[in-house]
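J.: This structure is in structure tokens; I'll ask about it shortly.
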Amino acid sequence: MSVPTDLHIQTIMQGGKPAFVVIPYGEYLRMVKKGPRIPARDAVPHEVVSIMIENDWSLLRAWREYLGLTQKEVADRAGITQAALSQMESGEQKMRKITREKLAAAIGLTPEQLAA
């Protein structure tokens, strides 16, 4: 990890070796900020699968909820209507390959992560 030079960092030594580092609280918060984890390639996090199963939702909706996005946000990013997205999430309308690719790109996933 590269450390910005403008931070006031204190190193605490024990036995002549660095043991602890004290950093500004704001930097600590930035480092530990929890956000949705998006694995590489075609993997789907356990949390997404759990959301899908517990709520009986489609994989697409589970991902959207996990990422904290609204239907409108995703639809706008993908260039489709919110109504079309709603139909795909509910299973009323099947997702075409090109649409899956657009949706995946819109929310930072691979198309394989939306295939189910």
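Conditions (1) out of contact with any Asp or Glu (no Cβ under 9 Å at 6 or more places or on another chain); (2) aromatic (F, W, Y), marked per residue:
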{"position": "I9", "(1), (2)": "no, no"}
{"position": "M13", "(1), (2)": "yes, no"}
{"position": "G16", "(1), (2)": "yes, no"}
{"position": "I23", "(1), (2)": "yes, no"}
{"position": "P39", "(1), (2)": "yes, no"}
{"position": "E54", "(1), (2)": "yes, no"}
{"position": "W57", "(1), (2)": "no, yes"}
{"position": "K72", "(1), (2)": "yes, no"}
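J.: Name every residue in the range 43-69 that is more than 13 Å from the chain's Cα centre (by Cα), loosely packed, with under 12 Cβ neighbours inside 10 Å and under 24 Å from A83 (Cβ atoms), in order of residue number.
T.: If the condition is that a residue be more than 13 Å from the chain's Cα centre (by Cα), loosely packed, with under 12 Cβ neighbours inside 10 Å and under 24 Å from A83 (Cβ atoms), then N55, D56 are the ones that fit.
J.: Same structure again: Are any of the residues in the range 21-42 surrounded by fewer than 18 Cβ atoms within 10 Å (Cβ to Cβ), part of a loop (DSSP other than H, G, I, E, B), on the phi > 0 side of the Ramachandran plot and at pLDDT 95 or above?
T.: Going through the range 21-42, the residues surrounded by fewer than 18 Cβ atoms within 10 Å (Cβ to Cβ) turn out to be 21-42.
Now drop any that are not part of a loop (DSSP other than H, G, I, E, B), which leaves 23-24, 33-42.
From what's left, on the phi > 0 side of the Ramachandran plot: 41.
Okay, now just the ones that are also at pLDDT 95 or above, so none.
No; the residues of the range 21-42 include none that is surrounded by fewer than 18 Cβ atoms within 10 Å (Cβ to Cβ), part of a loop (DSSP other than H, G, I, E, B), on the phi > 0 side of the Ramachandran plot and at pLDDT 95 or above.
J.: Can you work out which of the residues in the range 107-116 that are under 17 Å from the mean Cα position of the chain (by Cα) and surrounded by fewer than 19 Cβ atoms within 10 Å (Cβ to Cβ) is nearest to I38 (Cα to Cα)?
T.: Restricting to residues being under 17 Å from the mean Cα position of the chain (by Cα) and surrounded by fewer than 19 Cβ atoms within 10 Å (Cβ to Cβ), the top hit is G108.
J.: Further, regarding this structure: Sort out which residues of the range 6-48 are among the charged types (D, E, K, R), under 29 Å from A104 (Cβ atoms) and free of Cβ contacts under 8 Å to residues at least 24 places away in the same chain, and write them in order of number.
T.: Result: R30, K33, K34, R37, E47.
The values are calculated or read from the model by the stated rules, or taken from the named source; none is laboratory data. As the structure is a computational prediction, the values presented were derived from the model and not from experiment. All Cβ positions, glycine included, derive from the backbone under ideal geometry; neighbour counts span all protein chains shown.
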